[in-house]
1. Just to be sure I understand the model, the point goes 7 Å from the Cα along the line to the Cβ. What's the resulting A:LYS352 to A:ASP93 distance in nm?
2. Probe radius 1.4 Å, ligands and nucleic acids left out: which of B:TYR76, A:TYR413 has the largest accessible area, and how do the rest follow?
3. Heavy atoms of the protein only, probe of 1.4 Å, neighbouring chains included. What is the accessible area of A:PHE86 in Å², nearest 10?
4. Rounded, prolate or oblate, given the Cα gyration tensor of region A:136-346, with a/c below 1.5 counting as rounded?
5. First measure r as the distance between the Cβ atoms of A:ILE543 and C:ASP117, then evaluate 1/(1 + (r/R0)^6) with R0 = 41 Å and state the FRET efficiency to the nearest 0.05.
6. Averaged over peptide A:355-367, how many Cβ atoms belonging to another chain are found within 10 Å of each residue's Cβ?
7. If you plug each phi of region A:187-193 into the Karplus form 6.51 cos²θ - 1.76 cosθ + 1.60 with θ = phi - 60°, what whole-Hz ³J(HN,Hα) values come out, in order, with x for Gly and Pro?
8. In what sequence, largest accessible area first, do C:SER137, A:SER416 appear using a 1.4 Å probe?
Amino acid sequence: MSEQPAAARPVRHRAAVATPAGETRASAYVCEAASCMSAQAHDITVNLAAQCAAAGLTDVMVKRVGCLGLCAAGPLVEIPQTGELFAQVKPGDLGGLITALKSVKPGATPKPQGPFFEKQLRVATENMGRVDPESLEDYIGRGGYEALQRVLADMTSTEVREVVSQSGLRGRGGAGYPTALKWTTVAKAEGKQKYVICNADEGDPGAFMDRSVLESDPFRILEGMAIAAFAVHATEGYIYCRAEYPLAVARLRTAIRLAQRAGFLGANIADTSFTFDVQVRLGAGAFVCGEETALIASVEGKRGTPRPRPPYPAVEGLYGCPTLINNVETFANVPAILRKGADWYASIGLGKSRGTKVFALAGRIVNTGLVEVPMGMTLREIIYDIGGGIIDGRPFKAVQTGGPSGGCIPADYLDSPVSYETLIDLGSFMGSGGMIVMDDTSCMVDVARYFQDFCRDESCGKCVPCRVGTTQLWMLLDKICRGQASLADLDQLERLAKVVQKMSLCGLGQGAPNPIFSTLRYFRDEYLAHIVDKRCPAGVCEIVRLPDARPLDAQPTEVPA
Amino acid sequence: MPVLHAKPAPPSDDKRWKIVETRMRRMGDRPYALIEALHAAQEAFGYLDESALNYVGDTLGVPHSRVYGVATFYSYFTLKPQGEHTCVVCTGTACYINGAKEILAGIERGLGVKPKQTTPDGKLSILTARCLGACSLAPAVIVDGAVMGKIGAAELVAQLEAM
Amino acid sequence: MTVYTLKIDGRDVAGSEGQSIMDVAEENGIDIPGLCHLPGIHDRGACRLCVVKIGGSPRLAAACVTRIAEGMDVVAHDEELEEYRRAATEMMFLERNHVCAVCVANNHCELQELSADLGMTHFELPRISPTVDVDLSHKLFGLDHNRCILCLRCVRVCDEIEGAHVWDVMHRGLETRIQADMGVDWGDSATCTSCGKCVQVCPTGALFEKGRPVAAGTRDERPFLPWLRVHQEERGL
Ligand SMILES: Cc1cc2nc3c(=O)[nH]c(=O)nc-3n(C[C@H](O)[C@H](O)[C@H](O)COP(=O)(O)O)c2cc1C
Ligand code: SF4
Ligand code: SF4
Ligand code: FES
Ligand code: FES
């Protein structure tokens with residue numbers, strides 16, 4: 001209790017944008033997403049605008065944009081005409097930028113930007129770092145709301161669902177459920193009132209894709225939700241966003257206000273009979289609220305505890321009404337699919353995983369930040385070509401995907417393509433898209449213990465196997481890490497993990513043993529080193545030597561009777 | 001559906017109750033406004049005391065035991081006043097493997113406080129969070145609302161001591 | 001009302017639309033264990049003891065909250081399920097501090113009975129042993145958190161039948177506790193009507209009547225609770 005991260009107050013600044021009256025010769029795009037904002041990015045925008053004015057650069061545009069992707073090197077400023085990216089810019093030292101802006105020739109073409117950018121394919125994040133997240137005109141200028149207008153003018157809801165079905169889009173929030181199938185269930189469910197909910201709870205530690213999308217291109221989510229609402233006959237929508245993301249919340253609220261004013265939300269959208277409005281609801285620090293039934297309970301003002309499914313929310317959701325729940329990134333793909341066509345989208349990808357996926361690269365990797373790649377790209381390309389490899393050139397040990405329900409994939413499988421299916425085959429999980437890279441300074445038993453600690457801390461406490469079992473798993477892992485476990489404890493661990501997986505009520509408990517299964521599968525030798533040799537190969541765990549080697553609770557306790 | 005219970009008066013004439021009241025009224029004083037109302041009260045007063053919980057529960061017609069159940073379920077809500085300054089240490093995965101453990105250990109060594117504790121002089125509260133979404137700056141902390149990234153334990157402790 | 005036919009453990013049984021697997025099993029004398037289930041109040045599928053296999057699906061379903069369907073093939077008893085049930089029961093024992101010999105519910109405790117039915121002889125999992133309170137502030141009743149398995153029968157009975165909503169749950173995960181009003185002592189609760197319904201439905205010795213002798217004789221069945229039956233009929237269950 002009483003963890004109170006981030007500032008509860010929204011961080012909002014007035015735009016300080018220099019807009020040339022005539023032709024724009026050069027522009028400076030200043031990243032004002034959370035990561036760069038925390039490094040005084042807004043001061044850069046303000047100072048740069050002022051200094052351009054002072055230097056008489058009336059044909060230069062200074063604009064605030066969302067995430068430029070390479071968060072590790074922030075604060076970032078880009079000159080899109082030349083493709084130059086300025087890293088670690090200091091608000092007090094903008095001379096270099098001014099010089100560069102002065103020297104841009106009219107009609108310059110951007111030069112190639114290196115593999116971090118060149119190997120990416122941007123669909124959900126196509127506007128990221130391009131549009132001002134608080135400007136509706138800017139969004140419309142880049143094709144925004146074209147899709148919604150076309151849908152409302154020319155299409156039936158069945159046709160919209162058909163397009164989404166043919167695109168092969170699957171949910172980006174975790175399990176990869178076919179989006180069109182869910183939409184059809186909601187559309188066909190009985191009930192006059194239906195709801196659309198955007199799941200922006202993004203609780204996986206080490207994942208920040210949804211945050212960047214919301215901060216960089218909020219209108220896109222509103223457009224995607226409106227299209228979905230049209231397709232499933234819903235009139236009201238909610239965005240359930242973590243309270244830890246004050247900037248995303250502030251920008252969403254701004255976007256909703258601007259969209260309402262422009263007639264893209266509310267009654268009679270784009271002068272049709274279609275009516276749809278959206279409200280933001282704040283989470284309050286509970287990972288389990290990302291689970292859809294818990295999320296619904298939370299929107300209803302209750303404790304965020306999941307309930308057994310069926311009935312699925314698509315049939316009985318918010319206030320008992322049919323409810324469509326999709327992830328932020330799922331909605332972000334929708335406008336592009338309707339604008340560019342199902343065939344185009346379906347042409348990208350691998351097997352049953354179509355389109356692109358946004359990943360948040362973090363951990364012991366050089367280019368931490370946000371990337372979007374076609375499904376089917378190999379882990380090696382993502383981590384080495386785009387991610388720039390491991391910090392200090394250390395050896396790669398594993399990449400963790402799928403958050404607390406995911407697993408750790410070792411070096412042997414770096415050449416595996418990334419898709420929903422391959423990750424499951426490797427004992428991991430797509431999850432929401434966090435990729436945490438680990439080198440030889442990480443102990444895999446310690447990592448398993450870390451995730452178990454997370455799960456037991458975030459367990460809602462409703463069902464017995466998760467409430468009690470995750471703690472017992474953690475106790476066993478802790479015993480192993482401290483060098484006090486026996487081989488019998490290892491058997492116990494595997495047996496208990498199976499029980500928790502099979503018996504738990506919701507995905508949190510069912511997925512909690514996954515980090516254990518995957519580390520046991522690939523790094524059993526590390527477990528054995530702790531248990532048999534009483535040593536931690538990575539030198540992370542503090543091995544506690546007992547006076548005599550007797551394991552702590554070797555004797556079974558009697559059932560009280 | 002009309003609201004059948006009488007609306008209670010705010011616990012005091014503190015102007016901040018107006019904000020809470022307005023937020024609840026906008027949602028029709030219905031039970032589903034509970035979490036929004038708690039957010040409003042915590043934003044206004046910094047924490048949720050019993051009078052706030054009672055007031056919100058009575059206005060929305062939610063049993064007291066349920067208000068308490070909700071307020072204690074979510075880690076964002078706090079029922080105790082916090083220190084003058086707060087330092088939130090991220091213990092998310094990216095920060096964990098980049099040294100969050102050392103930061104917490106450093107704070108405990110240097111300042112003698114553990115997570116969820118406040119220094120005896122009431123100056124500083126240490127909190128933890130699972131991922132602030134600033135993983136590219138790992139290890140990340142938030143000191144009084146400002147994110148600081150790639151920070152070492154010693155450097156942070158020195159800063160906190162100076163406050 | 002539509003009647004469905006289905007199989008439970010190979011037996012052909014029938015039930016009507018909207019009934020749960022648990023209801024139909026009960027009607028047909030097939031015993032599926034369950035501790036959070038109590039006919040007459042809403043099921044929540046939380047103790048997980050009633051999990052069954054349906055039609056060869058790898059996902060287990062809680063019988064108390066799964067509605068029947070035509071042609072369903074349910075396995076309610078096999079080696080694997082018994083093993084899981086034993087593990088879950090073991091977790092309930094190890095989560096708090098159950099010392100049966102000195103418990104008011106000794107020999108009429110549903111948890112104890114269940115462990116006997118499942119043939120449990122010893123525990124292997126780690127014991128959690130938290131320090132928790134005993135609340136003796138109410139003039140008639142007591143609450144011993146050491147013996148609470150968080151089935152929430154008390155919470156639901158108090159809300160759904162007595163309409164007092166004295167009880168709810170606070171905190172989460174392993175810290176979850178039942179709690180009265182704003183986490184006050186039971187005796188200080190402004191809403192408690194002292195009706196005793198919660199005490200009557202508690203499956204263990206967590207809620208008890210004061211002054212009842214420890215280890216009160218042989219196992220007796222739960223007394224017939226007419227108010228529960230009336231409610232059950234009203235809801236058409
Ligand atoms: C414990 C748990 C946490 C989850 N957290 C999230 C989350 O943070 N964001 C998200 O979009 N989905 C999350 N999900 C998945 C959702 O339940 C749901 O499947 C998803 O939002 C559906 O959207 P999609 O079909 O677009 O993927 C979580 C699931 C579980 C079991
Ligand atoms: S699995 Fe865990 S989080 Fe899910 S319902 Fe059970 S206790 Fe709650
Ligand atoms: S006190 Fe008894 S009835 Fe209430 S939750 Fe605990 S075990 Fe169940
Ligand atoms: S893990 Fe620390 S900010 Fe994400
Ligand atoms: S009786 Fe079904 S889960 Fe408890």
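The values are calculated or read from the model by the stated rules, or taken from the named source; none is laboratory data. It should be emphasised that the depicted structure is a prediction, and the values quoted were computed from it without experimental measurement. Virtual Cβ from ideal backbone geometry, glycine too; neighbours counted across all protein chains shown. The area values use the complete protein model at the heavy-atom level, side chains included, leaving out ligands, DNA and RNA. Shrake-Rupley method; radii C 1.70, N 1.55, O 1.52, S 1.80 Å.
1. Between A:LYS352 and A:ASP93, the label points sit 5.4 nm apart.
2. Working: B:TYR76 10, A:TYR413 80 Å².
So, going from the largest accessible area down, we get A:TYR413, B:TYR76.
3. The accessible area comes out at roughly 50 Å².
4. Verdict is rounded for region A:136-346.
5. Details: r = 43 Å, r/R0 = 1.04.
Efficiency at R0 = 41 Å is approximately 0.45.
6. 3
7. 4, 8, 5, 7, x, 7, 8
8. Details: C:SER137 55, A:SER416 20 Å².
So, going from the largest accessible area down, we get C:SER137, A:SER416.
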